[in-house]
Amino acid sequence: MKKNFEFIAALAFLGVVGIAAIAGLPGNILNLLIFMMIIALTAQGWNVLGGYGGLSSFGHAAFFGTGAYTTTILQTSFGINAWVGLVCGVILGAAVGAMIGFLSFRAGLKGSYFALITLAFAEVLRILANSWDFTGGAAGMMVSINNGFAYLQFSDRRWFLLILIGFVAGGLLLTRWLERSAFGAYLIALRENDQAAQALGVDIFKIKMQAITLSAAITALAGCLYVQNFLFIDANVAYGSWISIEALFAAIVGGAGTMLGPLIGSVLLLGLGEITKSFSGGIAGVDLVVFGIILILCVAFAPNGIRGFVADLWYRRKSRGKAM
Amino acid sequence: MLKAHNLTKRFSGLLAVDDATIDVAEGSITGLIGPNGAGKTTLFAMIAGFLSPNAGTVTFQNEDITGEKPHLRARRGLARTFQIVQPFAGLDVRDNIAVGAFLHTKDPAEARRLATLTAEKVGLGHELDKLASGLTIAGRKRLELARALATKPKLLLLDEVLAGLNPSEIRDVLPIIRQIREEGVTILMIEHIMQAVMNLCDTVYVLSQGKMIASGEPRLVCTDTAVIEAYLGHGAAARIKAEGAAHA
């Protein structure tokens with residue numbers, strides 16, 4: 001019941017944002033919302049593997065960047081349609097996920113070892129993208145401006161926000177399915193105790209492979225959409241550790257392994273970051289200080305993220321109500 | 001049904017299990033006893049596939065499964081519980097058991113229905129919505145049992161499911177184990193509680209220092225010289241016999 005309530009509340013929130021956008025929002029708010037949705041989608045991807053599967057990746061940039069570069073290269077060098085590019089980006093991102101997963105899960109890596117190996121893969125890709133010609137080297141690549149649905153670019157940015165809202169809602173739907181399905185139960189089981197999971201017939205290698213592939217695909221999708229919005233990409237943006245950190249940070253602060261966590265985390269973090277920036281009078285990096293404080297507060301008081309914290313409060317209030 | 005023949009397991013210098021053989025007949029409850037550190041759990045781990053033996057074979061329903069991974073053995077109908085309980089702490093009781101039930105159905109509603117039924121069978125029916133981390137030790141032992149049962153095993157390996165329970169809890173669990181056997185599940189159990197072993201088991205194997213030193217009906221095994229000495233030390237059997245004679 002409660003899960004249903006959360007799902008509907010999240011959809012309602014997205015709906016309100018969408019309607020507000022159509023009704024008319026200032027351009028800077030629109031930009032912020034677009035960025036929030038891109039990060040939310042990236043974090044939804046991270047959440048599948050890191051939240052539900054307990055395999056914390058520090059290198060989701062590898063998937064984000066692969067998605068972004070794939071669609072950019074296909075569009076600029078081969079003149080391929082943006083939507084086809086997006087699909088190819090997702091597929092290639094998933095393939096990179098499967099490859100990294102195969103190498104690390106076959107070796108039985110988990111915990112900090114898995115985090116480090118994913119970080120290493122993302123860094124290798126960053127360095128390669130920075131030096132290869134076909135990724136534009138250090139100069140990066142630009143997607144030429146062509147407005148229209150077929151190009152997945154819009155002169156009116158509200159349309160782009162609506163498409164993003166659609167994808168984030170899709171991410172919610174996917175997570176909701178995950179929480180009920182056999183796959184999700186197996187994924188959580190191996191997070192909690194992989195030996196016990198094996199004893200119950202769970203092929204943990206297969207489940208981990210499926211999880212990292214799905215996780216990578218979602219994050220690669222976010223990478224593709226990022227490019228369609230900013231129309232520019234270079235190695236430090238696509239494969240930089242900033243996006244790996246945004247992904248895990250949003251999911252963890254919001255509530256890793258919960259349906260709402262990534263969305264709550266990205267809205268809250270980016271929202272607070274933006275508010276601080278506007279009040280601090282342009283002191284560079286002050287929003288990062290706020291991020292740091294939020295992280296410390298979360299670790300100290302809300303180890304299950306904002307979603308867990310609120311759920312605890314809710315439960316306590318209800319049980320107190322019953323007692324009285 | 002299960003034939004584990006000449007199993008040997010070495011941990012570098014330590015010979016944990018030394019050429020041990022165990023046969024479990026279909027429909028039986030077979031016990032495995034032995035002093036602490038005898039290698040019982042290691043032997044179990046080899047049968048369930050969590051450790052691979054240095055020598056010997058494991059045959060289940062006439063098929064050699066020695067090198068097979070644990071999850072494939074589970075699909076064949078070989079389920080185990082853990083001596084140190086291993087609940088999925090973040091899941092509630094129903095979903096814990098459903099993980100086992102998903103082995104035979106991919107339908108979430110059906111798996112949770114089966115989980116509910118299984119929970120009722122082991123007496124967890126009123127704790128379905130509790131998080132596994134909130135269960136007592138007795139509850140967690142029942143949960144181990146329920147989860148294994150939900151995979152619909154043909155052979156159930158129970159690693160000290162009664163350890164840590166108080167006498168009244170043990171009295172509650174014994175009929176459950178008997179009931180499981182009545183439903184056609186063969187059971188191999190490691191147990192220290194002799195009351196339970198005498199009560200339940202058709203055959204008992206005794207492992208000591210990695211070697212199988214005796215097997216047979218529980219009553220006969222208990223009077224076996226080698227068994228008494230394994231538990232009580234060298235010469236104990238003779239002393240007990242002498243004392244028995246003096247009393248007579």
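Things worth noting here:
- Using a cutoff of 8 angstrom between alpha carbon atoms and counting only pairs six or more residues apart, the relative contact order for segment B:1-136 works out to 20 percent.
- Segment A:35-116: relative contact order in percent, alpha carbon pairs under 8 Å with at least 6 residues between: 34
- Threshold 20 Å² - residues in segment A:199-221 whose accessible area is reduced by that much or more when the chain is no longer isolated, probe 1.4 Å: A:A199, A:L200, A:G201, A:D203
- When the charge dipole of chain A is built from unit charges on Cβ atoms (+1 for Lys and Arg, -1 for Asp and Glu) and taken about the Cα centre, the candidate among A:S266, A:F183, A:G166 whose Cα reaches farthest toward its positive end is A:F183.
- Label-point gap, in nm, between A:A139 and A:I22 - each point 7 angstrom along Cα→Cβ: 4.3
- Per residue accessible area of segment B:83-218, 1.4 Å probe, in Å²: 39
- Chain A: DSSP helices with Cα axial extent of at least 30 Å and average Kyte-Doolittle hydropathy no lower than 1.0: A:2-23, A:82-106, A:111-131, A:204-230
- Pairing chain A with chain B buries about 1800 Å² of accessible area. This figure sums both sides and uses a 1.4 Å probe.
- Of B:R112, B:R80, the order by accessible heavy-atom surface (1.4 Å probe, DNA, RNA and ligands excluded), from most exposed downward, is B:R112, B:R80.
- Of the whole protein surface, A:C298 contributes about 10 Å² of accessible area at a 1.4 Å probe radius.
- Ellipsoid equivalent to the protein assembly as shown - semi-axes via the Cα gyration tensor, in Å: 56, 26, 20
- Helix B:167-182 vs. chain B, principal-axis angle (Cα, 0 to 90°, nearest 10): 80
- Charge sum, other residues only, whose C-beta stays under 14 Å from A:F35's C-beta, Lys/Arg counted +1 and Asp/Glu -1: -1
- C-alpha long axis of helix B:236-247 to longest principal axis of chain B, angle in °: 70
- Counting only DSSP beta bridges whose two residues both lie in the protein assembly as shown, roughly 60 percent are antiparallel.
- Shown are A:Y186, A:Y151, A:Y113, whose ranking by accessible area with a 1.4 Å probe and every protein chain present, most to least, is A:Y113, A:Y151, A:Y186.
- A Cβ-based charge dipole, computed about the Cα centre of chain A with Lys and Arg at +1 and Asp and Glu at -1, lands at about 1080 debye.
- Probe 1.4 Å - accessible area at A:E274, Å² to nearest ten: 80
- Accessible surface, chain A, averaged per residue in Å² (probe 1.4 Å): 44
- Segment A:211-324 - Kirkwood radius from inverse mean 1/r over Cα pairs (Å): 16.0
- Relative packing of peptides B:209-217, A:96-104 - highest average C-beta neighbours within 10 Å first: A:96-104, B:209-217
- Full-extension gain in nm, A:A12 to A:Y113, via 0.36 nm per residue minus C-alpha separation: 32.4 nm
- Cα-projected label distance for B:K106 with A:K277, points at 7 Å along beta-carbon direction, nm: 4.5
- Nearby aspartates and glutamates by direct alpha-carbon distance to A:K277 (threshold 18 angstrom, same-chain neighbours under 8 apart not counted): A:E246, A:D287
- Residues of segment A:249-280 falling in the label zone of A:V286, defined by backbone nitrogen less than 18 Å from a point 7 Å along Cα to beta-carbon, are A:269-280.
- Solvent exposure, largest accessible area first (probe 1.4 Å, DNA, RNA and ligands not counted), of B:H234, B:H104, A:H60: B:H234, B:H104, A:H60
- Computed over chain A: relative contact order in percent, which uses C-alpha pairs under 8 Å that are six or more apart: 31
- Global geometry of segment A:226-286, whether rounded, prolate or oblate, following the gyration tensor of its Cα atoms and the 1.5 cut on a/c: oblate
- Solvent-accessible area of the protein assembly as shown (1.4 angstrom probe, protein heavy atoms only): carbon and sulfur portion equals 62 percent.
- For the residue pairs A:K318/B:K121; A:K318/B:K141; A:K110/B:K154; B:K3/B:K152; A:K208/B:K130; B:K211/B:K241, the C-alpha atoms sit more than 22 angstrom apart in A:K318/B:K121; A:K318/B:K141; A:K110/B:K154; A:K208/B:K130; B:K211/B:K241.
- Cα gyration tensor category, rounded, prolate or oblate, for segment A:3-240 with a/c compared to 1.5: oblate
- Taking every DSSP helix (H) stretch of at least 4 residues in the protein assembly as shown, weighting each as -39,500 (n - 2.57) and dividing the sum by the residue count yields a mean residue ellipticity at 222 nm of -19500 deg cm²/dmol.
- For the segment B:99-108, counting C-beta atoms of other chains within 10 Å of every residue's C-beta and taking the mean gives 5.
- A:R157 accessible area, 1.4 Å probe, all protein chains in place, Å² to nearest 10: 80
- Spacing of the two label points (7 Å from each Cα toward its C-beta) at A:S241 and B:Q61, in nm: 5.2
- Segment A:128-281 - Rg and Dmax from Cα coordinates, angstrom: 18.8, 58
- C-alpha center-to-center spacing [segment B:36-95, segment A:79-110] in angstrom: 34
- Springs join every pair of Cα atoms under 10 Å in this Gaussian network model of chain B, and among B:P53, B:P167, B:P35 the largest mean-square fluctuation is at B:P167.
- Share of pairwise Cα-Cα distances greater than 31 Å in chain B is 26 percent (whole percent).
The values are calculated or read from the model by the stated rules, or taken from the named source; none is laboratory data. Being a predicted model, the structure only gives us computed values, none of them experimental. As a convention, Cβ positions derive from the backbone with ideal geometry for all residues, glycine included, and neighbour counts pool all protein chains shown. Note: accessible area is taken over every heavy atom of the protein model, side chains too, but ligands, DNA and RNA are not part of it. Shrake-Rupley method; radii C 1.70, N 1.55, O 1.52, S 1.80 Å.
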